[in-house]
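Accompanying notes for the structure given below.
The values are calculated or read from the model by the stated rules, or taken from the named source; none is laboratory data. None of these values were measured; they are calculated from a predicted model. All Cβ positions, even for glycine, are placed from backbone atoms using ideal geometry, and neighbour counts span all protein chains on display.
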2 protein chains.
Amino acid sequence: MAFEKEIKHLFEKGHEIYLRNISIDCVIFGFHNNELKVLLLKAKYAGAFALPGGFILKNEHIEKAAARVLKERTSLEDIFMHQFHVFSEPGRSTKKINKQFIKNAGVTMLGSWMFERFVTVGFTALVDFTKVQPVADTFSETCDWCNVDNIPSLILDHNEILQKALTGLRMQLNYHPVGYNLLPNKFTMPDLQKLYETILGKELDRRNFQRKIIATGILKKLDETKKGVAHKAPFLYKFDIKNYEKALQTGLDFNL
Amino acid sequence: MAFEKEIKHLFEKGHEIYLRNISIDCVIFGFHNNELKVLLLKAKYAGAFALPGGFILKNEHIEKAAARVLKERTSLEDIFMHQFHVFSEPGRSTKKINKQFIKNAGVTMLGSWMFERFVTVGFTALVDFTKVQPVADTFSETCDWCNVDNIPSLILDHNEILQKALTGLRMQLNYHPVGYNLLPNKFTMPDLQKLYETILGKELDRRNFQRKIIATGILKKLDETKKGVAHKAPFLYKFDIKNYEKALQTGLDFNL
DNA sequence: TTACATTGTGTTATAATGACACATAGTTAA
DNA sequence: TTAACTATGTGTCATTATAACACAATGTAA
């Protein structure tokens, strides 16, 4: 379906299949080159960037809707996702809408459900960067990773949503399987440390970090070192999933 | 307005003033006689208990809606509230509805917005038990405190909501002003310890507890002891609000 | 005035933490 | 080939935090 036709359909018929007044937005985190990244869409015409989002089907669990959005952008399934906040500022979804953008698409129905107020539920997803080929949706030109230290101005209140997701990520570091989801299956101790340093925004002592994280018992050291690296080759590790999940239930007693 | 008339109006005209498909439910915690309690309504006719809840006005912030519900039941304002989870199981709000209950009220409009699916946002409130005189709403016979260890069967998924609020309360103990909101202005060290023991569900060493909480600097010891108690009179304390709020920002480094 | 329960304030052995040193392995440049 | 360089692997030690515990002080009730 062409972009214009699809957006017209959404505005005119969307309320027949989606819940009213509710949307979801996804902050999808990845980690690459020692940098924390999020997936951003570049909206057509509007020219601005946005978080991937969507609506909830009339008979769909909200977590399922979030998983659907994630799958559409990344092709990933069965990924750990977590709702972190509801954003409900009256006017958050109406006051900043680019009317010209809508007009361009040939939407004439100004009484559309899409012009009503939306309360949005923010979700975070933690994904393995190396497994993702971002895919844009019909309404967007591109879908790409963006360094969290270099986020452009986003539509609506998406900057605020992203900010809240980031602080939430830090706070929940000991209660969510952050490392397990953001790193590849096999990784090195420096990789893991860089991830923690990036999320926490501070440097950690290499030796103390190793001692503490080993003590949690969530890692399995492999008889294998990383290949093709400069200098001394670091050992590879895997997560011990059983121990990891058990540890997360009470919280990773892990002060850094 | 009579109960029947009011409920008829809500079913037939509610969608003109409220957002569709969204509601809020409030888990209002209090602490009394060394027991953690929540406010429960007893619904008319239905005979079952329920959490206080409500809908969101078309131009109302969701946090404001929660504050409004809290004020209607407790007359309290400016109370610390916190959204903790969105419950969206399809069918959570429709499958368990007592049709007879609706019929009794004279509602004939079966296409009402009230029969649509609702996604609900759970809020917790922490209030000073001694300052509250619970007030029932038009749809309820009573509104009373109920010990969290003795919760009856609740309507819809309210048992699940309450459970999630409780675990959330435990997890966030070091990040929310739990003590400050649940205790009276002046309190004793044993009072505070009992509160922590109740929420955490385990006993704590009296002397270690005191040492640690004093070390956080969030308390001000008064030159005053509790009157009219058996045995040795314990000192009274107040919270040092400035230090408390500062400490909460980074988390109360307070392992028990 | 004595027994009792509860609070106030220690002490001590053990464990966790932060700061730091040196050996090891692999790359790079002479 | 070898020396310089850089990042990793592992260990030490002084300091601090923690859990477990003892005893004196205070007010009630018999």
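At a glance:
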| read-out | value |
| --- | --- |
| Test: residue in the stretch B:182-189 that is closer than 30 Å to residue B:94 by Cα, aliphatic (A, V, I, L, M) and in contact with a Phe, Trp or Tyr (Cβ under 6 Å, 6 or more places away or on another chain) | no |
| Residues (closer than 25 Å to residue A:30 by Cβ and away from DNA strand C (no atom under 12 Å from the Cβ)) located in the stretch A:222-242 | A:222, A:236, A:237, A:238, A:239, A:240, A:241 |
| Failed item in (1) surrounded by 11 or more Cβ atoms within 10 Å (Cβ to Cβ); (2) more than 12 Å from DNA strand C (Cβ to nearest atom), with residue A:256 passing the rest | (2) |
| Filter result (within 26 Å of residue B:195 (Cα to Cα) and either outside any helix (DSSP H, G or I) or without any contact (Cβ under 8 Å) to a residue 24 or more places away in the chain (or both)) within the stretch B:138-165 | B:143, B:144, B:145, B:146, B:147, B:150, B:151, B:152, B:153, B:154, B:159, B:163 |
| Some residue of the stretch A:246-253 being surrounded by 17 or more Cβ atoms within 10 Å (Cβ to Cβ), more than 14 Å from chain B (Cβ to nearest Cβ), within 16 Å of DNA strand D (Cβ to nearest atom) and within 18 Å of residue A:126 (Cβ to Cβ) | no |
| Qualifying position, being within 15 Å of DNA strand D (Cβ to nearest atom), surrounded by fewer than 15 Cβ atoms within 10 Å (Cβ to Cβ) and more than 27 Å from residue A:256 (Cα to Cα), among B:202, B:232 | B:232 |
| Looking only at the stretch B:19-51, and only at residues there that are away from chain A (no Cβ under 14 Å) and among the basic types (Lys, Arg), the one that is farthest from residue B:112 (Cα to Cα) | B:37 |
| Filter result (out of contact with any strand residue (DSSP E or B) (no Cβ under 7 Å at 6 or more places or on another chain) and surrounded by 16 or more Cβ atoms within 10 Å (Cβ to Cβ)) within the stretch B:138-171 | B:151, B:156, B:166 |
| Set B:251, B:179: member being on the phi > 0 side of the Ramachandran plot and either touching a Gly at 6+ places or on another chain (Cβ under 9 Å) or touching a residue at least 12 places away in the same chain (Cβ under 8 Å) (or both) | B:251 |
| In the stretch B:79-91, residue nearest to the other protein chains (Cβ to nearest Cβ) [restricted to those that are in a loop (DSSP other than H, G, I, E, B) and either β-branched (Val, Ile, Thr) or within 19 Å of residue B:171 (Cα to Cα) (or both)] | B:80 |
| Residue B:75 surrounded by fewer than 17 Cβ atoms within 10 Å (Cβ to Cβ) and either closer than 16 Å to residue B:134 by Cβ or not β-branched (Val, Ile, Thr) (or both) | yes |
| Residue in the stretch A:211-229 that is nearest to the other protein chains (Cβ to nearest Cβ), counting only those that are under 16 Å from residue A:185 (Cβ atoms) and away from DNA strand D (no atom under 12 Å from the Cβ) | A:218 |
| Of all residues making up the stretch B:1-47, the number that are modelled with pLDDT of 90 or more and part of a strand (DSSP E or B) | 23 |
| Single residue of B:94, B:138 found to be within 14 Å of chain A (Cβ to nearest Cβ) and modelled with pLDDT under 90 | B:94 |
| Tally, over the stretch A:52-78, of residues that are acidic (Asp, Glu) and within 14 Å of another protein chain (Cβ to nearest Cβ) | 2 |
| Candidates B:174, B:208, B:185 - the one that is within 14 Å of another protein chain (Cβ to nearest Cβ) and surrounded by fewer than 18 Cβ atoms within 10 Å (Cβ to Cβ) | B:174 |
| Condition check for residue B:131: of a type in the set (Lys, Arg), loosely packed, with under 13 Cβ neighbours inside 10 Å and more than 16 Å from DNA strand C (Cβ to nearest atom) | no |
| Total residues in the stretch B:196-227, condition assigned to a helix (DSSP H, G or I), closer than 19 Å to residue B:247 by Cα and of a type in the set (A, V, I, L, M) | 3 |
